[in-house]
Amino acid sequence: MPPRKKAEPKRAKKSDKRKKPDDDDDGSDGGDAENERSAKKSKTGAAKGAKMNRTSSDLASIDFSCPATSSEGNSWNLKISSWNVNGIRALVDKNGLEYLQHEKPDIFCVQETKCPKKNIVSEALVEGYSTYWLSGDSEGYSGVGLYTKVKPISVKYGIGIEAHDQDGRVIMAEYEKFNLVVAYVPNAGRKLVRLKYRMEWDVAFRDYLVDLEKKKPIVLCGDLNVAHQEIDLTNPKTNRKTAGFTREERDAFTALLDCGFVDAFRHLYPDVTRAYTFWTYMMNARAKDIGWRLDYFVISKSLLPNLCDSVIRKDVFGSDHCPITLFLSI
C-alpha cells in the first residue's frame, strides 16, 4: 500500500479502535504468503530495509488506444475503467487522477476510497464527470465511488441487506442498456478470521446480482478479492490458505460465473500469464511482478457480442493495485 501520512494523534486513536480484521491497512489484501513471512510489516509502514513499490507513472508513454472490435466486428463506443485506489485522498496527493486525462473513460469506478463523502476533497472531482460516493460506518475504511460522463437513470447504494451494507461496498448505476455494479468485496483477513463472513457475503452478493440481471444485463467491476485460478497469482502453492485464494473463495467465484456471468479478461485471454492487478508493497513485489489478479470485469453472457477488449494497465502506478479497463460496443 502507499505510504500513509502521519495521522493526527486523536484521529489515529479513534481509527485504531474501529479497525476491522480485514482492513487492507494491515496488509491482508491478497498479500503473498512468502513475502509476508520474509518481511513483518508494522502498523506504520514496511519492515526495515524493505523496498517499496514506485508510485509515479509515465502516462505519456502508455498507449491507451484500443483497435479491438467485438465478435460482430463493431468498434467500441463505451470505455469503463476500474481501480482500487487505496485511498482517494492519497491518490490525489500523488497526482494519480492524471490517469483520467490519458485513459478518458466514459465511466470510472474506484474502490477503497477510505473517505466519507463529506471529506472528499475538491481535487478529487474531475470536470466532465458526475460523481457518486458511498462510505461505510467506519471512517478511513473501505468505500467505493463512481465517476460518469453520462448521467445514470438511477443510482442505488448497497445490496439491501443491513449486515452487508455497513462498510460501503457497492454502488449500482442503471444505464439505458445495462446495470453497472461497482464493488469492493470483503477480504477474508489474516489467518482467514473473516472467511465465514466472506462466504455469507458471496452468497448474498450472488443472489443480488442474479436478481438484478433479471432487469438488464450486468457489468460488474471492482476489487473482488479473489484470484480465481492458479494462473491468476504468482505463487499458488504457497497461498492456498491465504485470503483471496482459498478453495472456498474460488468456488464461490465459480458459482457466480455459473449463474450466467463471464470473467471478461479470461474469456478473451484464457492462457495469458502474469496478468496481475495487485502487488503487495512489501519486498519490491511490483518490480519483481510477484502479484495477484484481484480486479475484474464480470459481465452477463448476453453482453459477449458487445465485448471488444478487457485490459490491465500494469504501468499505471499510484496504488498497490493498477487500473483495469473494459471496451464495449453497446
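Worth a mention:
- Residue selection: Glu139 satisfies the criterion of being at pLDDT below 95, more than 23 Å from Phe297 (Cβ to Cβ) and of a type outside the set (A, V, I, L, M, F, W, C).
- For segment 128-144, the tally of residues that are open to solvent by 40 Å² or more (accessible area, probe 1.4 Å) and under 9 Å from Thr113 (Cα atoms) stands at 1.
- Of the residues making up segment 103-115, none is of a type in the set (S, T, N, Q) and in contact with a Pro (Cβ under 9 Å, 6 or more places away or on another chain).
- Condition broken by Thr254, with the remaining ones in (1) farther than 27 Å from Leu326 by Cβ; (2) open to solvent by 40 Å² or more (accessible area, probe 1.4 Å); (3) hydroxyl-bearing (Ser, Thr, Tyr) satisfied: (1)
- Filter result for Ile153 (hydrophobic (A, V, I, L, M, F, W, C), at pLDDT 95 or above and open to solvent by 70 Å² or more (accessible area, probe 1.4 Å)): yes
- Segment 67-92 - residue that is out of contact with any helix residue (DSSP H, G or I) (no Cβ under 7 Å at 6 or more places or on another chain) and in a strand (DSSP E or B) and, of those, most open to solvent (accessible area, probe 1.4 Å): Ser75
- Within segment 204-232, the set of residues being among the β-branched types (Val, Ile, Thr) and open to solvent by 40 Å² or more (accessible area, probe 1.4 Å) comprises Val210, Ile231.
- Filter result (in a helix (DSSP H, G or I) and in contact (Cβ under 8 Å) with a residue 12 or more places away in the chain) within segment 120-143: Glu123, Ala124
- Subset of segment 299-325 [farther than 24 Å from His102 by Cα and outside any helix (DSSP H, G or I)]: Ile299, Ser300
- Conditions (1) in contact (Cβ under 8 Å) with a residue 40 or more places away in the chain; (2) within 18 Å of the chain's Cα centre (by Cα); (3) surrounded by fewer than 23 Cβ atoms within 10 Å (Cβ to Cβ): number failed by Cys322: (3)
- Residues located in segment 210-232, provided they are over 13 Å from Phe261 (Cβ atoms) and part of a loop (DSSP other than H, G, I, E, B): Lys214, Lys215, Lys216, Asn225, Val226, Ala227, Gln229
- Residues that are more than 18 Å from Leu326 (Cα to Cα) and either open to solvent by less than 20 Å² (accessible area, probe 1.4 Å) or at pLDDT 95 or above (or both), drawn from segment 258-283: Asp258, Cys259, Gly260, Asp271, Thr273, Arg274, Trp279, Thr280, Tyr281, Met282
- Within segment 93-116, the set of residues being more than 18 Å from Leu326 (Cβ to Cβ), open to solvent by 30 Å² or more (accessible area, probe 1.4 Å) and not polar (S, T, N, Q) comprises Asp93, Lys94, Glu98.
- Cβ-Cβ contacts under 6 Å between residues 6 or more apart (or on different chains), taken from a first residue in segment 185-209 that is on the phi < 0 side of the Ramachandran plot and assigned to a helix (DSSP H, G or I) to a second residue that is surrounded by fewer than 19 Cβ atoms within 10 Å (Cβ to Cβ) and not β-branched (Val, Ile, Thr), are listed as Met199/Glu248; Trp201/His164; Ala204/His164.
- Filtering segment 242-257 to residues that are of a type in the set (A, V, I, L, M, F, W, C), out of contact with any Ser or Thr (no Cβ under 8 Å at 6 or more places or on another chain) and not in a helix (DSSP H, G or I) leaves only Phe245.
- Of Asn239, Asn235, all but one fail to be open to solvent by less than 20 Å² (accessible area, probe 1.4 Å) and either of a type in the set (D, E, K, R) or not in a helix (DSSP H, G or I) (or both); the exception is Asn239.
The values are calculated or read from the model by the stated rules, or taken from the named source; none is laboratory data. Source: prediction; values computed, not measured. Note that we place each Cβ from the backbone using ideal geometry, even for glycine, and neighbour counts take in every protein chain shown. These area figures cover heavy atoms from the full protein model, side chains too; ligands, DNA and RNA do not enter into them. Shrake-Rupley method; radii C 1.70, N 1.55, O 1.52, S 1.80 Å.
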